[in-house]
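Just so it is clear, none of the values below were taken in a lab; they were calculated from the coordinates. In this text, all values refer to a predicted model and were calculated from it rather than measured experimentally. Neighbour counts are summed over all protein chains in view; Cβ atoms, including those assigned to glycine, are modelled from backbone coordinates with ideal geometry.
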Amino acid sequence: MPIVPIGVAAAPLAFFSFPEVVDPERHRDYNAWHQLDHLPENRALPGVVHGERWVRTPACRAASVGPADPTLDATQYVAMYWFAPAPGGSADAHVEEWRALGESTRQEGRRPELDWTVRRFTDFFRPETGVVAPEALVSVGALPFRPHRGVVIDVGRVVDPGVPAPPPELAPGVAGAWTFTGGRDRDAPPHGRLRITLHYCESDPLEVVEAMGAPAAPGVEPLLRTPLLPVVPWEWDWFESEETDGPA
């Protein structure tokens with residue numbers, strides 16, 4: 001019998017964070033802390049299936065398509081975590097371990113970013129549906145682990161709770177996608193919640209988003225469509241030209 005990896009396919013919950021570094025001189029400090037301390041510690045938790053982070057460079061922001069909510073448009077990075085089911089099926093116990101880690105590292109003085117970083121939006125989301133292109137040669141549960149050149153992220157507000165989240169459509173250059181709806185309580189009415197779709201790109205995300213055009217999803221008010229790039233260790237200079245711009 002063939003073995004089919006489960007990966008994130010059984011994850012009942014995901015967390016998204018949209019931070020902005022409000023001190024332009026602290027981007028390297030922020031990335032060193034997150035990539036070399038915070039992210040590895042979170043990934044090591046037994047209840048975290050996968051964790052990832054992307055950067056919204058100035059070029060990514062310029063390539064954004066369609067309307068942009070002012071709060072979300074300030075985003076410079078996006079981080080997410082997938083949580084495994086705990087006994088009983090929910091991820092509550094794993095979320096509490098994750099939160100406890102955040103508090104313990106704060107008490108140890110390992111949360112320097114709190115002084116110069118603002119989370120423009122954070123929330124828990126439930127994975128709704130995922131699709132993968134046949135030529136990607138992986139299961140949908142393995143998609144986030146597959147190397148990619150970045151993602152295109154769609155964020156929208158659910159305005160018609162009677163319209164379920166449709167399977168994501170795959171644009172050229174996209175290996176697969178996952179859609180999420182905000183809110184941890186599956187029985188709560190979804191009106192006013194947000195919906196996020198991550199399109200995993202194997203082509204340049206800036207070219208993919210241009211080909212995709214403006215977002216349009218039934219029952220959803222678009223808030224942001226933007227490309228995001230992977231964060232490469234020690235290559236953290238995306239915003240330095242912005243810091244040095246100005247009168248000579």
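Dipole of the chain (Lys/Arg Cβ +1, Asp/Glu Cβ -1, origin at the Cα centre): which of ASN31, CYS60, GLY213 lies farthest to the positive side? Ranked along the dipole, the leading option is GLY213.
Qualifying trypsin sites (Lys or Arg not before Pro) in the stretch 1-106, where qualification requires a DSSP coil assignment and no more than 16 other C-beta atoms within 10 Å, are lacking entirely.
Label-to-label distance for ALA214 and ARG99 is 4.0 nm, based on points extended 7 Å past Cα in the beta-carbon direction. Here's the picture: charge each Lys and Arg Cβ at +1 and each Asp and Glu Cβ at -1 in the stretch 75-155, and of VAL140, GLY88, VAL118 the one pushed furthest to the positive end of that dipole is VAL118.
If only the Cβ of Lys and Arg carry +1 and only the Cβ of Asp and Glu carry -1, the dipole of the stretch 13-232 around its Cα centre is close to 80 debye.
With the helix formula -39500 (n - 2.57) applied to DSSP H stretches of n ≥ 4, the chain reaches a computed 222 nm mean residue ellipticity of -5000 deg cm²/dmol.
Every Cα-Cα pair in the stretch 13-232 was counted, and those over 26 Å apart are 35% of them. Between GLN107 and ALA62, the simple label model (points 7 Å from Cα in the Cβ direction) yields a spacing of 4.7 nm. Could you list the chymotrypsin sites (Phe, Trp or Tyr not before Pro) in the stretch 100-165 that lie in coil according to DSSP, counting only those with at most 16 other Cβ atoms within 10 Å of their Cβ? Passing both the DSSP loop test and the Cβ count: TRP116.
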